[in-house]
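Remarks on the structure that follows.
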Amino acid sequence: MPSRRRLFYIPYLFLAPNLLVFVLFIIIPAIYNFYLSLFKTSFDKPPEFVGLDNFIYLFQRDDFFWRALSNLIVFVIGDVGLILILSLGIALLLNEDIRWRGFFRSVFFYPVLLSPVVVALIWRWFLNTQYGLLNNILRAFEIPPQPWLLRPDLAMLWVILVHVWATVGFFALILLAGLQAIPPVLYEAAVVDGATRWRSFWHITLPLLAPTIFVVLILSMIRAFEVFDHIYALTGGGPGTATMMIVQYIYRTGFEMNQFGLAAAASLVLFIIIFSLTLLQYWLGRLREAV
Amino acid sequence: MSMDIFEVKTESARRYAGRGGAFHLTTLLTYAALLLGVVVMFLPVLWMVFSSFKSLEEIYRIPPAFFPEKWIITNYTEAIEKFPFLRYLLNSVTVTVLATLLTLTINSMAAFALSKYNFRGRDTIFLIILGTLMVPLQVIMVPVYMVMARLELVNTLWGIIIPPSATPTGVFLLRQYMLTIPDELLEAARIDGAGEWRIFLQIVLPLARPALAVLTVFSIMWRWNDFLWPLIVINDPNLFTLQLGLARFRGELVTDWNYVLAMTVLTMLPITLVFAFLQRYLVSGIATTGLKG
């Protein structure tokens, strides 16, 4: 049709506004970030090209960066480990033949919708050394009040627990969908063959759920590496630098110390981590389809 | 009739055979674990809600009572007077409403192009859009800020409305839904002389309403809860959203806990209402896309 030929530009017009926003606020900054990471910037001097010096500085001399990186590794291991165990447990419970399933599902999902700042304030009040509920419950058992968010090791523990509390419902929901996709016929056959529930779990549930568990693993790792809001509002990275993660390092280096180049280099390190995780997920997904 | 009875029998027989004598114990343990979950998930929230109705004297009493002895609402009324709560609220509502409208508009236009036309570069563009999910704001904060500064969007509400509005999740969700709308409908309209813009507005958009509803709920949630964008873009306290306003109360030495508690409860109220009434949209949306903008 000749009229269709004249209209070849129509789809581009429909795409234009969305693409414009993408290009301006994601694609250009992402490319610019590479460039920026090769410069040294500060308050008073014009940017100076330094090659890979920012990366060398990060890994060889910057104690803060190492601190943020080691904090992040502890956080990721604790956070992802707990999320895997708990989300699987919650999904299995919700998949049981129970009453009020909708209600229980909502209970675990509710914190997922709360903003990180609200979550942080809820927990700061709950964990408050003097007036918080937790210390006052412990007091009834004659356990002295603990400064939960003021001692480095305890603060790290609570940062992990609060983040798990706020996000586990999301992952449980993904696993629940995976569980419900397993054909009930398989369990019925196992029962006929005299298998116990434990054996059904190991030989039917786990193998068939493995792809979904893997998705949860990768997604929760990406989320954990990107963590910022919850911790910023809960401890501000403190006490000292005990709960400072990479994103906060970037924020601080960039916006509080105006070292844009160094912040961009640290961003790139984080980007490479997230990028590899996404590729891994994509690649294994493709592999599974091929099998 | 006799079939029904037969069915019921086999169903219960199977259940007992499968779970053996442990049937009652497993059920009991399941409910016990779920109940524990309810306590862990709700106790901190309820503690905050109940505390927000206590007087300051009662809030700082040791040992405290879980429920308020005397219910008061002065924490709420005074917090609204003492802090620019209404200003923050207005900013949050403005951002949420405008950004959601913008997201629905540009995402549905892009999804329409990607699902209903054949053109050069379509698949590449779609892949690039999905690929941007790999570049969260956290890893491009600094260059984004520089772009925003160049465009004079720093310290404006537009700066937190426009940039996050082109969500890859929204494009994906709407595109998948629009693919199910039969092309014959569009062809018929073209034969009747309808223009492309009219086809989009009067045929595709009304048919995509369920997907648009899901995206609306998502967008409201994303924008209301958004923290990092506003933190980077806004310095002027007059432009603070509720999340920024609340985040000012950092550090252990908060003295006005009664007001902070009241404001936190007010901030979580809209999301709680969305959750209570629109949960099914959220759950179906998450099932298809995940949760991220």
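Odds and ends about this structure:
- With respect to the stated conditions, B:Thr169 fails to be more than 29 Å from A:Leu7 (Cα to Cα), more than 10 Å from chain A (Cβ to nearest Cβ) and among the hydroxyl-bearing types (Ser, Thr, Tyr).
- Test set (1) at the interface with chain A (Cβ under 8 Å from one of its Cβ atoms); (2) modelled with pLDDT of 90 or more; (3) buried (at least 16 other Cβ atoms within 10 Å of the Cβ) - B:Ala33 fails condition number: (3)
- Verdict on A:Thr235 being farther than 20 Å from A:Asp62 by Cβ, more than 16 Å from the chain's Cα centre (by Cα), surrounded by 17 or more Cβ atoms within 10 Å (Cβ to Cβ) and not small (Gly, Ala, Ser): yes
- A:Ala242 being farther than 20 Å from A:Phe49 by Cβ, over 16 Å from the mean Cα position of the chain (by Cα) and more than 9 Å from every other protein chain (Cβ to nearest Cβ): yes
- Scanning the stretch B:36-61 for residues that are outside any helix (DSSP H, G or I) and either buried (at least 18 other Cβ atoms within 10 Å of the Cβ) or facing chain A (nearest Cβ under 7 Å) (or both) yields a count of 4.
- Hey, A:Ile218 within 25 Å of the chain's Cα centre (by Cα), in contact (Cβ under 8 Å) with a residue 12 or more places away in the chain and within 11 Å of chain B (Cβ to nearest Cβ) or not: no
- The helices (runs of 4 or more DSSP H) located wholly in the stretch B:73-139 that include 3 or more residues which are more than 9 Å from chain A (Cβ to nearest Cβ) and hydrophobic (A, V, I, L, M, F, W, C) occupy B:85-116, B:122-131.
- Taken together, the residues in the stretch A:138-185 that are without any contact (Cβ under 8 Å) to a residue 24 or more places away in the chain, of a type in the set (A, V, I, L, M, F, W, C) and at the interface with another protein chain (Cβ under 10 Å from one of its Cβ atoms) amount to 1.
- B:Ala65 of a type in the set (Gly, Ala, Ser), without any contact (Cβ under 8 Å) to a residue 12 or more places away in the chain and either within 13 Å of another protein chain (Cβ to nearest Cβ) or in contact with a strand residue (DSSP E or B) (Cβ under 7 Å, 6 or more places away or on another chain) (or both): yes
- Candidates A:Met245, A:Met257 - the one that is at pLDDT 90 or above and among the aliphatic types (A, V, I, L, M): A:Met245
- Within the stretch B:108-124, the set of residues being without any contact (Cβ under 8 Å) to a residue 40 or more places away in the chain and buried (at least 21 other Cβ atoms within 10 Å of the Cβ) comprises B:Ala113 only.
The values are calculated or read from the model by the stated rules, or taken from the named source; none is laboratory data. Bear in mind the structure is a predicted one, so any value in this text is a computation, not a measurement. A quick note on method: Cβ atoms are made from the backbone with ideal geometry, for glycine too, and the neighbour counts reach across all protein chains shown.
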